[in-house]
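Remarks on the structure that follows.
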Amino acid sequence: MNARLGFVDRFKAQVEAAGGKVVVCRSREEAVGVVRQELYRRNLREVLGGGLGGRWASLKESLESWGAKLLETPPRLTPDGIPEVGIGEAEYAVAETGTLVEVAWHRERLLSSLLPPVHIALLDEDRIVPDLDSLFVVLLPLLSQGPRPRVVCITGPSRSADIEKLLILGAHGPRELIVVLSPP
Amino acid sequence: MSGLPQTLRIQQPPPGFDPGASKVAKAARHATLQRSAAIAEVANWEDLRARAKVIRAYTLEHIDVLLQQLEVNFRGAGGVVHYASDARSACTILLDLARQHGVRRVVKSKSMVSEELEVNEAIQRAGLEVVETDLGEFIIQLAGERPSHITAPAIHKSTEEIATLLSRHLGESLPPDPQALLLAARAYLRKRFLDAEMGIIGVNFAVAETGTLVVVENEGNARLVSTLPRLLVAIMGIEKVTPALLDLATFLRLLPRSATGQVMTSYVSLISGPYPGQELHLIVVDNGRRRILGDPTVREILHCIRCGACMNVCPVYRIIGGHAYGWVYTGPMGAILSPLLLNAETTSDLPFASTLCGACREACPVDIDLPRLLLELRRRAASKVSTPSERWMMSTWAFAGKSRERFSVGGKLVRRFLRVARNLGSVQRLFPPLAGWTISRDLPLPPAQSFRERWRKP
Ligand code: SF4
């Protein structure tokens, strides 16, 4: 890894190489604006955001004041009951590989990055660790005792090359991944 | 075990088979190029391989302690561990669980060991529905075939064939366009995911230290299988265990690059226990692995992390394709693992399906000495089946070949003998014990002089 490249630059480059998009924001307010913009652009009033932490209360308020609903669970667990966009928080990210890491304590938390065709991931800059070794050092205490969270590492949108090796983004999971990066 | 081959033989190619243009060859070459590019940017690739090899060897050396540790930690996180000695007991455990939970519909993500155990057949025999959800596996399940490659199960099928197959099964007319086919399959399978009462997943690594199951994938189907149904069953071979969480940093750098040339796959799930409201079971399967463990000269094959690199680079695999190997494991790795797992009483000719060019070893991310293992299995096959006269001839050949004098004197004698035989009209039909050689072929007449003799005379 090129030491002169900061974690953020490396992370961004790797996410993009994996087919995702990174929006770097200078403040949390800007991040909230970016999310609103994405929903507005798609003309959406419902978004899946199960288990979004208290740190993002401002996002919830902002969306609600605008008339959009942040759903904890999909309205119906049927193929047409899934909102177009899911918003999730990434607890960590890995610069080396452009990987987002979600730590989920319950099932709802796992759905927003999985069921909708578009996944918006909220990430704090200081949560980017340099490499995979650092990630597993950080995760070890979480996975060592008591009830353990489910951890999902996400690198780019879902993909398949099962038909004649042709790479297609958007297999069973999202076809679009947007990382909204902001200062803590 | 019903569908198992009695003897592992290289299967005949179908009529009209054109190796040069085959999809398998093209896909394998493509994968090899991507792999080379992906590992070129890793400065310490050889160090990583060496480290992985050490971890795998340590694991096999301490497998009982590690499995015990895995069980304790998996249980501590709220999961249940079962042990199965063979395919039958594994399927029984699985079906009992299904029965207890009143399961009717099962979704499954890709798992080589479940192919090996013929889990789908068992589930269907019990009257339940089981759907493969990896796109490639789904396609070949509809076609009623077996995967031809471990990371790209349907690479032998053309887009047109897939369109016909999916159109027939999904009841709508689909164009031969990969994007459209994928969308149609996604919609069809989404419903299956949401309806299923039970999910079955394979496991890439199982971390003893934390009781964590690691699932590596690109499509997201393994995530759906492990998240949506309330009953989740994971199946793993005993060799999938690894001591420490930090080992994953090594394996996750090696596996995606070797398999598909990716820096990282789209998803890596770390499943340590069920989430609230879920029930999680792990079936740890032996099915012949302990026998291989107890066989120190060949146990190295259990280091395999199933990346598929060895088959992508293999010149023989590229020409004959995956189905020719006759069972679930293909390529150089399969040529070694299959006969050992099946403990085929009858001889197996799989280890002979190799040119021993060494490309597989070079590609292997955990540095398994595949050519050595192939040679060892050949030696065993030879010592088992050959007749005394064949063995006598082979050892005479070896004796002659080890010295230049003996070789040239021997060569002279054989050439003279064959010329005499020809004059007696017997080169086309040699007499016993050599008759077997000429049943279906003619022995070409050797030249009067050896190469050395001609070289010496200008
Ligand atoms: S033997 Fe090595 S190269 Fe072949 S599949 Fe296993 S790990 Fe990969």
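The values are calculated or read from the model by the stated rules, or taken from the named source; none is laboratory data. Everything quoted here is computed from the prediction, not taken from an experiment. Ideal geometry is used to build each Cβ from the backbone, glycine not excepted, and the neighbour counts take in all protein chains shown. Ligands, DNA and RNA are stripped out before the accessible areas are found, and what is left, the full protein with its side chains, is counted by its heavy atoms. Shrake-Rupley method; radii C 1.70, N 1.55, O 1.52, S 1.80 Å.
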Which pairs turn up if I take residues in segment B:302-316 that are assigned by TED's automatic domain parsing to the domain that holds B:Asp247 and look for partners that are in a loop (DSSP other than H, G, I, E, B) and more than 6 Å from the ligand (Cβ to nearest atom) with beta carbon separation below 8 Å, at least 6 apart in sequence or on another chain?
none
Across segment A:114-139, what is the total count of residues that are in contact with a strand residue (DSSP E or B) (Cβ under 9 Å, 6 or more places away or on another chain), open to solvent by 10 Å² or more (accessible area, probe 1.4 Å), in a helix (DSSP H, G or I) and in contact (Cβ under 8 Å) with a residue 24 or more places away in the chain?
4
So the check is Cβ under 6 Å with 6+ separation or different chains; which pairs have a first residue in segment B:53-81 that's closer than 14 Å to A:Leu143 by Cα and a second one that's of a type in the set (Ser, Thr, Tyr)?
B:Asn73/B:Thr210; B:Ala77/B:Ser272
Consider A:Glu164 against the criteria (1) at the interface with another protein chain (Cβ under 7 Å from one of its Cβ atoms); (2) assigned to a helix (DSSP H, G or I): it satisfies all of them except one. Which criterion is unmet?
(2)
Conditions (1) assigned to a helix (DSSP H, G or I); (2) within 14 Å of the ligand (Cβ to nearest atom); (3) open to solvent by 10 Å² or more (accessible area, probe 1.4 Å) -> B:Ile292 fails only (3)
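Could you list, in sequence order, all residues of segment B:240-261 that are facing chain A (nearest Cβ under 8 Å) and not hydroxyl-bearing (Ser, Thr, Tyr)? Quick ask: steps written out before the conclusion?
In the first step, residues of segment B:240-261 are kept if they are facing chain A (nearest Cβ under 8 Å); the result is B:245-246, B:248-249, B:252-253, B:260.
Answer for segment B:240-261, where residues must be facing chain A (nearest Cβ under 8 Å) and not hydroxyl-bearing (Ser, Thr, Tyr): B:Leu245, B:Leu246, B:Leu248, B:Ala249, B:Leu252, B:Arg253.
With respect to A:Val22, is the statement that it is assigned to a helix (DSSP H, G or I) and either within 14 Å of chain B (Cβ to nearest Cβ) or modelled with pLDDT of 95 or more (or both) true?
no
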Filter segment B:206-246 down to residues that are within 15 Å of the ligand (Cβ to nearest atom) and open to solvent by less than 10 Å² (accessible area, probe 1.4 Å), then give me how many there are.
3
Within segment B:301-320, the residues that are more than 9 Å from the ligand (Cβ to nearest atom) and open to solvent by less than 10 Å² (accessible area, probe 1.4 Å) are B:Leu302, B:Tyr317
Looking at A:Leu167, A:Leu143, A:Leu111, A:Leu100 in this structure, which one is open to solvent by less than 10 Å² (accessible area, probe 1.4 Å) and free of Cβ contacts under 8 Å to residues at least 60 places away in the same chain?
A:Leu143
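Would you tally the residues in segment B:367-397 being closer than 19 Å to B:Leu356 by Cα and either among the aromatic types (Phe, Trp, Tyr) or out of contact with any helix residue (DSSP H, G or I) (no Cβ under 7 Å at 6 or more places or on another chain) (or both)? First the steps, then the outcome.
So the first thing to find is which residues in segment B:367-397 are closer than 19 Å to B:Leu356 by Cα, and the list is B:367-382.
The next check asks that each one be either among the aromatic types (Phe, Trp, Tyr) or out of contact with any helix residue (DSSP H, G or I) (no Cβ under 7 Å at 6 or more places or on another chain) (or both); those that pass are B:372, B:375-376, B:379-380, B:382.
Result for segment B:367-397: 6.
So that you can scan it fast, the table gives a plain yes or no per residue for (1) open to solvent by 10 Å² or more (accessible area, probe 1.4 Å); (2) within 16 Å of the ligand (Cβ to nearest atom); (3) part of a strand (DSSP E or B):
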residue	(1), (2), (3)
B:Leu248	no, yes, no
B:Ser258	no, yes, no
B:Ser269	no, no, yes
B:Pro274	yes, no, no
B:Gly277	yes, no, no
Taking only segment B:324-370 into account, find how many residues are among the charged types (D, E, K, R) and within 12 Å of the ligand (Cβ to nearest atom).
4
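Specify the residue that is surrounded by the fewest Cβ atoms within 10 Å (Cβ to Cβ); the eligible residues are those in segment B:107-156 that are among the charged types (D, E, K, R) and more than 17 Å from B:Ala222 (Cα to Cα).
First, the residues of segment B:107-156 that are among the charged types (D, E, K, R): B:108, B:110, B:115-116, B:118, B:121, B:125, B:129, B:132, B:134, B:137, B:145-146.
Next, from what is left, pick out any that are more than 17 Å from B:Ala222 (Cα to Cα): B:116, B:118, B:121, B:125, B:129, B:145-146.
Numbers: B:Glu116: 24, B:Glu118: 20, B:Glu121: 15, B:Arg125: 12, B:Glu129: 14, B:Glu145: 14, B:Arg146: 17.
Result: B:Arg125.
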If you go through segment B:224-239 one residue at a time, how many are away from chain A (no Cβ under 13 Å) and assigned to a helix (DSSP H, G or I)?
2
Check on B:Ala398, more than 15 Å from the ligand (Cβ to nearest atom) and free of Cβ contacts under 8 Å to residues at least 24 places away in the same chain
yes
